[in-house]
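Heads up: the structure comes next, in structure tokens.
The values are calculated or read from the model by the stated rules, or taken from the named source; none is laboratory data. Please read these numbers as outputs of a predicted model, since none were measured by experiment. Note that we place each Cβ from the backbone using ideal geometry, even for glycine, and neighbour counts take in every protein chain shown. Side chains included, ligands, DNA and RNA excluded: accessible areas come from the protein's heavy atoms. Shrake-Rupley method; radii C 1.70, N 1.55, O 1.52, S 1.80 Å.
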Amino acid sequence: MQTNKAHLILEAGLSRKADFVEIFEEETRSSSVSLRDRKIEQSFAGIDYGIGIRLIYGTDVLYAHTNNEDPEHLISLIDLLADSRGAAKGKGQALVFRGDLKTPSFPAQITDPRKISPDQKLEILYRADQTARATSLHIVQVSASASDSVSKIGIYNSEGLALEDLRVRSRFSINVAAEKEGERFVASENPGARKGFEFFASLPIEQLSKTAAERALMMLSAGYIEGKKMPVVMGNGFGGVIFHEACGHPLETEAIRKKSSPFVDKLGQPIAQACLTAIDDGTIPDSWGSISVDDEGMAPQKTVLIENGILKNYLSDRIGAEEVGVARTGSGRRESYMYAPVSRMRNTYIAAGKDSFEDMLTGVEYGLFAKKMGGGSVNPSTGEFNFSVEEGYVIRNGKIAEPVRGATLIGKGDEILPKISMVGNDLELAAGMCGAASGSVPVTVGQPTLKVDEILVGGR
């Protein structure tokens, strides 16, 4: 968007006595190729363009979006928003943009996915399918996909901000189903990165496909665990999804300002054992959840949420920071121009500790090793969660024993945190998507292997 056009629109918002006016312009080209049972299931590429207008009065937010970039239309949207609040029209304050607007370009190391043909992606998917099926005759279905997006973002506001951002992400996904004697088990791998096509070119496709196939086969033959409260050792990587869902969301100012979090008014207080430090970092190079700027135009940062068991910070956007009385953390995010931004996680993980895996097992007479977590659900206002275990093993007399399936971890985030007594040094991150008030955004979850002294395990 030309700055003179943005200037005109922002001044219209200021003339309706708004305390803050913002334009969020987006053009996203996304593509996806998927393969199911050796047949092309979908090959898609599309462009979505739109503009979001946000007016803020105090901490009240008014928001509208459109695909029409005509200035008169955008000003009419501002009038509609202001009229809905009863804001009178007057003379707006003077507006001057800070600095020169610079359009970003692709870095040399990024391979623009828009220049890659679907056939090049299909070759990767066929390899994945072939590797998974070669593992066993009991592999009955393989689904694989390669997707990417390129977004050009413009953010302009009444404080004089005018910037553009270029965002590139790519993701590979494979789901492998094994079947035997009428029973079926599905395992998956879903890596992603803030990269172009070079992400797929360097991805260990065969290894990922074989890992998913072998997990599906092993779990297919596994028995079921006896459900009860027990010690649980949680594997690294995607195990961090529980912290993300049950503790991360309640640490966003979107929850804090609404008093719908167990961590309200807990800053500076111990909420976990001293072995636990948790971080949300938007600056990790190439990580799936990283950002150059948040969707309010603020640079990201590394935010320590919990340090040695003490609650240090919340994740905040403009509105949340003002209402809660904390500093902004560059965490204002949204799925697209169709949503107003709110505080959201980026790359959220439990930091590496010093405990060994063997020490975590020692003394456990009967427990569960949840090596890889699956999906689940959580009540963000209470932190209550229920997550399935995709790959699990019984811990018996301090040793890893037989594999088990059908296990679920059930608990409440603020109650489980103090029961994490040991944290390993094998931190690993995993890509995911997170849905909340401002839509679905790319996030990274992560943790080292850790021990929870007691948690309710659902079984059969």
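Looking at the chain, the accessible area is 42 square angstrom per residue; that uses a 1.4 Å probe and ignores ligands, DNA and RNA. In the chain, the longest principal axis of the Cα atoms and the axis of helix 205-220 are about 50 degrees apart. Evaluated with a Cβ-only charge set (Lys, Arg +1; Asp, Glu -1), the stretch 157-299 carries a dipole of roughly 500 debye about its Cα centre, given to the nearest 20. This model, with +1 at the C-beta of Lys and Arg and -1 at the C-beta of Asp and Glu, gives the chain a dipole about its Cα centre of some 300 debye. Placing unit charges on the Cβ atoms only, positive for Lys and Arg and negative for Asp and Glu, gives the stretch 339-442 a dipole magnitude near 240 debye about its Cα centre. Amide hydrogen proximity for LEU311: with H placed 1.01 Å from N in the peptide plane, the residues at 5 or more positions away or on another chain lying under 5 Å are GLY268, GLN269, ILE271. Over 32 Å apart at the Cα level, from the set LYS17/LYS312; LYS121/LYS371; LYS152/LYS302, are LYS17/LYS312.
In the chain, taking the dipole from charged Cβ atoms about the Cα centre, the farthest positive-side position among GLY398, LEU125, LEU251 is held by GLY398. With the biggest extent put first, the Cα atoms of the chain measure 76, 55, 37 Å across the principal axes. Along the axis of the charge dipole computed for the chain (Cβ charges of +1 for Lys and Arg, -1 for Asp and Glu, origin at the Cα centre), the listed residues PRO104, GLN301, ALA162 are led at the positive end by GLN301.
Provide the FRET efficiency to the nearest 0.05 for the ASN67-GLU123 pair, computing r from the beta carbons and using R0 = 45 Å.
Between ASN67 and GLU123 the formula returns 0.80.
In whole percent, how big is the carbon plus sulfur part of the accessible area of the stretch 1-100, probe 1.4 Å, protein atoms only? Ligands and nucleic acids excluded, carbon and sulfur give 48 percent. Taking each residue as 0.36 nm, the span from SER440 to GLU365 lengthens on full extension beyond its C-alpha to C-alpha distance by 22.9 nm. The equivalent ellipsoid that matches the C-alpha gyration tensor of the stretch 394-460 spans semi-axes of 26, 16, 15 angstrom, in descending order. Extending 7 Å from Cα along the Cβ direction at ARG36 and again at ALA108 yields two label points whose distance is 4.4 nm. Ligands, DNA and RNA left out, the 1.4 Å accessible surface of the stretch 277-316 is 48% carbon and sulfur atoms. The distance separating the Cα centre of the stretch 247-280 from that of the stretch 179-237 comes to 30 Å.
Can you give me the % of accessible surface on the stretch 353-420 that is carbon or sulfur? Probe 1.4 Å, all protein chains present, nothing else counted.
50 percent
In the frame of its principal axes, the stretch 121-242 has Cα extents of 65, 44, 22 Å, reported largest first.
Projecting the Cα positions of GLY375, ILE420, TYR337 onto the charge dipole of the stretch 305-460 (unit charges on Cβ atoms of Lys, Arg, Asp and Glu, taken about the Cα centre) puts TYR337 furthest along the positive direction.
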